[in-house]
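Q: First the structure, then my questions, so here it is.
Any read-out appearing in this document is the output of simple, stated calculations on the displayed coordinates, not a laboratory observation. Everything numeric here is computed off the predicted structure, so don't read it as measured data. Every residue, glycine as well, gets a Cβ built from its backbone with ideal geometry; the counts of neighbours run over all protein chains shown.
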């Protein structure tokens, strides 16, 4: 049996992942389209790699995104952080072309 405080500590050490979707001109803001911890996070990461989607590691940003419901738009407070990640992904894509 895992005690409450042990469960909290265990969840902090599990990998977390969140996936966003944003289509310029179609979406008002990026949306959380997948999120999870542990095995679910690992599956999200595996699918992203298999699909050629860039993976940006930021535990703080992942933790913030975990707070939102699936298909929920990110709030304006996260626009700058997400814009930096999107710019990074676009640069990677351009360099690969």
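Q: With a/c under 1.5 counting as rounded, go ahead and sort the chain into rounded, prolate or oblate using the C-alpha gyration tensor (a ≥ b ≥ c being the square roots of the eigenvalues; past the cut-off, prolate if a/b is larger than b/c, else oblate).
A: Prolate shape, in that a/c is at least 1.5 and a/b is the bigger ratio.
Q: A further question on this structure: Describe numerically, in nm with one decimal, the distance between label points set 7 Å from Cα along Cα→Cβ at residue 28 and at residue 46.
A: 3.7 nm
Q: Once both labels are modelled 7 Å past Cα along the beta-carbon direction, what's the residue 97-residue 73 spacing in nm?
A: Taking the two extended label points, one gets 2.7 nm.
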